[in-house]
Structure formats: structure tokens, C-alpha cells
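Here the structure is laid out as C-alpha cells; the discussion comes afterwards.
The values are calculated or read from the model by the stated rules, or taken from the named source; none is laboratory data. What you see is a predicted model; the values in this text were computed from it and never measured. Every residue, glycine among them, receives a Cβ derived from its backbone with ideal geometry; neighbour counts consider all protein chains shown. Each accessible area value is taken on the protein alone, full model and side chains, heavy atoms only, with ligands, DNA and RNA left out. Shrake-Rupley method; radii C 1.70, N 1.55, O 1.52, S 1.80 Å.
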Amino acid sequence: MDFEFFTMNPIALFFASIFTSNILLSNFLGMCSFISVSKDYKSSFGLGLAVTVVMTITAAVSWVVLYYVIVPLGLEYLSFIVFIIVIAAVVQILEMVIDRASPALYMSLGIFLPLITVNCAILGAILFMQIRQYAFIESVVFAAGSGLGWWLAIMLLAAIRGRIENNPVPSGLKGAGITMITIGFMAMGFIGFSGMIAVQ
Amino acid sequence: MSAKPGKILMDNLWFNNPVLIQVLGICSTLAVTNNVRNTLVMTVGVSLATAFSGWTLSLMKDLIPRKVRMIVQVLVISFYVILIDILLRAYLPEASRQLGPYVGLIITNCIIMGRAEAFAAANRPLISFWDGLTSGLGYMAVLVAIALVREILGFGSVLGFRLMPEGFVPWTIMITAPSAFFLVAMVMWLARNLQARREAAAKAAKAAPKPAAGPSPAKA
Amino acid sequence: MKKKFDRENIAYVVIFSFVTCAVFVAGLAAANEATAPKVRANREFANQAAVLDALGIGYSGPAEAASLYASAVRPIEGASPRAYVAERPDGRHYAVEVTGAGLWGAITIVAAAGESLERLDGIQIIAQNETPGLGGRIDEPWFKEQFRGERVAGGRIRISAGAEAGGSGANDPDDGLVDGVSGATRTSQAMELILAKAIARLAEVAGGGK
């Protein structure tokens, strides 16, 4: 392959994708399920776990498909569709495997899997990986970090929303409105992490 | 079909606005709302993709087997989004370069999937096209409004024209992510308050003995 | 079900899926083929224009850019990454392509300078993946224009962090210091390193290296 990959320190990339450039708080990816599910702490845990697992696996599979099938065949223009199919296939297989292996885990994780096929964070991570030409290790590290970052963000938000419920909120802001403001403050907090990591 | 084009327009633009009321589909575009031009390109893309995929899926709806319905929907949506990506790369290379991965993310925009499932699956092609287009316009209206505020306060200019006086100090927060969340919340608050007030007024008018003067708002 | 045939029949499902896929993929392939020359021309133009921009040679459109490029610029054969020579009225000028790590991915720029390497002619950005509206603003004219005629001080040009003059790019060309993009400190730092690399590469190419 005469493809020039971009390599950077995987540890820096890992922490940068969790904290400084959290895929949700700075790239706004995965908002739909984020807002509707974060009402409940337990569901947030399950969905966050599912996103992390699916994101890491799909990034690895997509990387292989991208550089061993799509690029050699010159089918880059079809890559979006191929990625969606990879995500759907991984989700389907994972659902079957978990169902067979552990019914208990299926109850906490499996029910969120169908939600994930259309979660923009997963496709987003893969598209970022493609456009930034990450090598295999970078892709997996970036996807795992992004997934963990998403998980962290939804857990924090679920905890905060639990407290907001007991407080008076203007009627027009109830629900989505106050949640948006909360996410905004979280995003400001996460920007503060940017001094933490030197990307070089 | 009972749905009237005018009512669909009002519903999608205001009473059931995809962003403000349904809180759908902001993921793919919010990240580029610090620039009005990029926001316009993205939201026009979303509108066209929603309209055409609604039209196509409505045309095909009697032929699609139930088992593969979801995958066919995703296929049709991806088809239009890839088409948009190809056209952008050929005719607006600059915008295509700046938007990077965000064009592809239109595929996962929940509005498109939502309209395909909720409207196009049960309606005629032309009205599905109209429904998709107006949903996209409702989406565009909110995001372009946010982009205007962010670009004016963050850069002091809009579409390259300088609006703010020379001494204006740009608000850095408007360029960064948190401001988008705050602005979405503010627009939501405004919209919900206005709608609540109109609803209250409509109720009061109904309770009063004489008939209401203006056209009565929807009771959704 | 209104239709007479069985939509859930497995043979129908398979044929339907196959035909639908084939139709849509064929449509995309056709669109891709139809626009491929246009995309290639865009890329070609972007590359040539970047070299001309960096050298400070003005042009008004793709046609003029192509003819100016053909007459004024000569690629250095065997140079990797790509490098160019231009004979100008005031002597020989060099342009080099340099890639370095940005915050999120590779940034590729073209930088140009005269033989003495005292001042940069200018820079142009070919590819970058920085955050749109933040680090991505290194691609805006006000940022790039700051390098036009900027003095190279001690083999580098410094980029101040977050001290952007309202996007106006007010700048003293003699201090070897330009304004960074506010809110994108990391990208500004990356650009400083890439510029140092570019200046070293310019010296190498001017000295006859490849």
C-alpha cells in the first residue's frame, strides 16, 4: 500500500479523544440518543458501554475493509454506504453473540444495540478515522477513546439531570432546553482539559 | 390524503419543528454552525436528502419487503448523501474540503430516517417530497439563526462581510462548542414560550363568548 | 396486504434487494465517473494555484493559473516531497511542499522563499483536517497573508498563541512573528513546527538537495 498514514503518539491521541476533543462535547456527535437516554442513570451506563464496544470494533473492521477492499478497488465514493453496512453487521453479530453467551449482559447491553446503528457518533468516528488517514493502531485507539469519552459524558449528564429534576426550572426550558444548557457547561469544563495534553 | 401542504409547512417550520420540539438531527450540523456558509451548505444538503429520499421511498413503498425495509431506507438515504458529496467535491471543492466528514454524517441525521419512517412510508410521493423539504427548512431556519449569531459575535463578520466596527473584540466562546449548546437552548426556550403563550391565548379566546378574530393556531 | 404477490417471499426479497442495490450503486458509479475529470481538474488547479500563491504570483482564473504555472514554475525532478523552482526578475525562488502533524491529522503546506531565505514569499495550505471554524481557520486569507514577506528569524517564524487581531491580520513583516488563531493554540503550535520544517527544507532545496 502506498498510502501515507498519519501517525501520532497513541497515548496522547487516546486522552485527547476522551477529554480535550470529546466526540460529543466538541463535535456534537451522537446527540439524539444522548439527550433521550440520559434521563436515566442505568440506561446511560448500558448505552455508553454499548457505544464504546461497537465503536472500537467497527473502527477496526472498517479500517481493514477500507484499506484492503475499498481503496484497492478504487471505490472510495461508496465508502459511506460500506461503513453503514459494517456498523449494521457488527451490531447484528454482537447482538447474537451476547444473547447466546450471557443473557444477563444481554439485558443490560443488548437492548441498546439496535439504537446504535443510527448513532452518528459511530459513523462519525469512522469518517474522522478515514479523513485523517490514521494507521490501524491510531484508528483503534481513537475509536476506543472517543467511545469512552462519550460514555463518560453521558454518565456525567445523567448524574446531573438526576439532580436537576428536584429543582425549579422555567417551564419553557424543561426537558431538552435545560439539558442543552447543562451540556454547554460540561463542554466548557472539558475545554479546560486542553492544557493537559501536549500533542507532539 | 388528509395532510394539506400548508399545514405540513406550518407544522414542520414551527409547531413541530424538528430541532426545537422533536430535538432531532442536530448532531451532523451543530459542529459547523460557527460559519454561516458551511451551515447553509449542510442544511441545504439535509433538506434535499430528506426531500428526495422521502419521495423515492414513497414511490417504492409498495415494493419494499418488510424484512429489508430499514436497510432499503438506509440505502436510499446513503445514495442521496453520497450524491451530494460527489457534487460538492466537483462543484464546491472549497466547501467540501472544509466540511470534511460532516457531509457523510448527514446519513445518520435522525430527521431523514424519522421522516422516511413516519411520513413517506404512508404517504404519496409528492407530498412526501414536500414534507421532507419543509422539515429540512425548519431545521435550516434554526441552525442558520444560530450560525448567524455565532459568526457575527465570534468573528465580527457574516459570509465574509465585516459587520462589527473596527474596535470590536470577538467573543472566543462563540467560536467554540459550548456556545452552540447555549444558543440551541435559548432558541428552544423562546419558541416554547411563544407557543405556550399562543396556546393560552387560543384557549382564552375559545372560552370567551365571541369567536376568535385571527386564524386559530394548531392545537398540537 | 393490498398487492396480490407475496412481498415476504424469500426469492422476491433477495431479487428486490439485489436489483435495488445494483440500481443505486450504478447511479452513484455514473455520477462519480461523470464528475471525476472535474474533480481531477479541481485538484490539479488547487495544487498549481497553491504553488503560485506561495510564490506570490497573482492569477485570475484556472486558465491563467495553468499558463502562468507552465511558464514560470519548474518542478525539481526527483524531489520528494515535491519542490519547485521559479525564475523571477529578482532571482531564483523556491517552493516546497511540507507535511507535518496538526492537532487532528496531517497538515500539508506549500512555502516559498527567495534564494537568500531572508524572507518568505508566502505560504498556502493544501490539506488540513483541523476543526472547522477553529484550527481550520489557518486556511483563511488573513492568516496566510501574514506570511507574505515575513522575515525569517533564526530559521523560523513564530506564531503567537491566541493573539489574533480580530481576524484583520495586522502584522509587522520584520519581527518574524505572526498572529495565531484564537481558540486553536494547538494548531498554531503545530503550524509553527511545520513552518520550521518548511524553512529547513527550503534551505536544503536551495542548496541543491532533493
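Could you please let me know if B:A118 is away from chain A (no Cβ under 11 Å) and either farther than 30 Å from C:Y12 by Cβ or within 19 Å of the chain's Cα centre (by Cα) (or both)?
yes
Among the numbered criteria (1) hydroxyl-bearing (S, T, Y); (2) over 19 Å from C:G135 (Cβ atoms); (3) surrounded by 23 or more Cβ atoms within 10 Å (Cβ to Cβ), which one does A:S21 miss?
(2)
Anything in the stretch B:1-33 that is touching a residue at least 60 places away in the same chain (Cβ under 8 Å), of a type outside the set (K, R), surrounded by fewer than 23 Cβ atoms within 10 Å (Cβ to Cβ) and not in a loop (DSSP other than H, G, I, E, B)? List them, or say none.
B:P5, B:I8, B:L9, B:M10, B:D11, B:L13, B:W14, B:F15
If a residue has to be in contact with a Gly (Cβ under 9 Å, 6 or more places away or on another chain) and more than 17 Å from B:L83 (Cα to Cα) to count, how many in the stretch B:30-71 make the cut?
7
Just checking, how many residues over the stretch B:83-100 are open to solvent by less than 30 Å² (accessible area, probe 1.4 Å) and either touching a residue at least 40 places away in the same chain (Cβ under 8 Å) or over 19 Å from the mean Cα position of the chain (by Cα) (or both)?
7
Which residues, counting only those in the stretch A:101-132, are of a type outside the set (F, W, Y) and under 19 Å from C:G105 (Cβ atoms)?
Selection gives A:A121, A:L123, A:G124, A:A125, A:I126, A:L127, A:M129, A:Q130, A:I131, A:R132.
Anything in the stretch A:46-76 that is within 14 Å of chain C (Cβ to nearest Cβ) and open to solvent by 30 Å² or more (accessible area, probe 1.4 Å)? List them, or say none.
A:L73, A:G74, A:L75, A:E76, listed by residue number.
What are the pairs, 6+ residues apart or on separate chains, where a residue within the stretch C:53-79 that is in contact (Cβ under 8 Å) with a residue 60 or more places away in the chain has its Cβ under 6 Å from a residue that is in a loop (DSSP other than H, G, I, E, B) and open to solvent by 70 Å² or more (accessible area, probe 1.4 Å)?
C:G78/C:K210; C:A79/C:K210
If B:V36 satisfies every condition in (1) farther than 18 Å from A:G124 by Cα; (2) out of contact with any strand residue (DSSP E or B) (no Cβ under 6 Å at 6 or more places or on another chain) but one, which is the exception?
Failed condition: (2).
Only one residue in A:S102, A:S36 is polar (S, T, N, Q), open to solvent by 60 Å² or more (accessible area, probe 1.4 Å) and without any contact (Cβ under 8 Å) to a residue 12 or more places away in the chain, so which one is that?
A:S36
For the stretch A:44-79, which residues satisfy the criterion of being aromatic (F, W, Y) and either within 30 Å of A:I160 (Cα to Cα) or without any contact (Cβ under 8 Å) to a residue 40 or more places away in the chain (or both)?
Those that are aromatic (F, W, Y) and either within 30 Å of A:I160 (Cα to Cα) or without any contact (Cβ under 8 Å) to a residue 40 or more places away in the chain (or both): A:F45, A:Y68, A:Y77.
Quick check, is A:S43 crowded, with 18+ Cβ neighbours inside 10 Å and within 13 Å of another protein chain (Cβ to nearest Cβ)?
Spelling it out, it is not the case that A:S43 is crowded, with 18+ Cβ neighbours inside 10 Å and within 13 Å of another protein chain (Cβ to nearest Cβ).
Report, by residue number, each residue of the stretch A:88-115 that is modelled with pLDDT of 80 or more and either under 13 Å from A:G30 (Cβ atoms) or of a type in the set (D, E, K, R) (or both).
Residues satisfying the conditions are A:E95, A:D99, A:R100.
Do we find a residue being within 11 Å of chain A (Cβ to nearest Cβ), in contact (Cβ under 8 Å) with a residue 12 or more places away in the chain and within 27 Å of B:F181 (Cα to Cα) anywhere in the stretch B:144-164?
So far as the stretch B:144-164 goes, no, none of its residues is within 11 Å of chain A (Cβ to nearest Cβ), in contact (Cβ under 8 Å) with a residue 12 or more places away in the chain and within 27 Å of B:F181 (Cα to Cα).
Looking at B:D85, B:D131 in this structure, which one is of a type in the set (D, E, K, R) and more than 30 Å from A:A89 (Cβ to Cβ)?
B:D131
Being in contact with a helix residue (DSSP H, G or I) (Cβ under 6 Å, 6 or more places away or on another chain), in a loop (DSSP other than H, G, I, E, B) and modelled with pLDDT of 80 or more narrows it down to one of A:S26, A:S17, so name that one.
A:S26
Taking the stated definitions as given, is C:S116 farther than 22 Å from B:E94 by Cα and under 19 Å from the mean Cα position of the chain (by Cα)?
no
Run C:V152 past the list (1) over 15 Å from the mean Cα position of the chain (by Cα); (2) within 21 Å of C:E44 (Cβ to Cβ); (3) not polar (S, T, N, Q) and report the number of the one that doesn't hold.
It is condition (2) that C:V152 fails.
Restricting attention to the stretch C:181-198, which residues are assigned to a helix (DSSP H, G or I) and open to solvent by less than 10 Å² (accessible area, probe 1.4 Å)?
C:T187, C:S188, C:A190, C:M191, C:I194, C:L195, C:A198
Of the residues that make up the stretch A:172-180, is at least one buried (at least 22 other Cβ atoms within 10 Å of the Cβ), within 14 Å of another protein chain (Cβ to nearest Cβ), assigned to a helix (DSSP H, G or I) and of a type outside the set (S, T, Y)?
Yes: one or more hits.
Please return the ranges of strands (runs of 3 or more DSSP E) entirely within the stretch C:1-120 where 2 or more residues are open to solvent by 60 Å² or more (accessible area, probe 1.4 Å) and at pLDDT 80 or above.
The qualifying strands (runs of 3 or more DSSP E) are C:73-75, C:83-88.
Does A:I70 satisfy the condition of being over 24 Å from A:S43 (Cα atoms) and not charged (D, E, K, R)?
yes
Residues to consider are B:S58, B:S96; find the one that is away from chain A (no Cβ under 14 Å) and out of contact with any His (no Cβ under 8 Å at 6 or more places or on another chain).
Answer to the selection: B:S58.
Return the residues of the stretch B:34-56 that are in contact with an Asp or Glu (Cβ under 9 Å, 6 or more places away or on another chain) and of a type in the set (A, V, I, L, M, F, W, C); say none if nothing qualifies.
B:V36, B:A51, listed by residue number.
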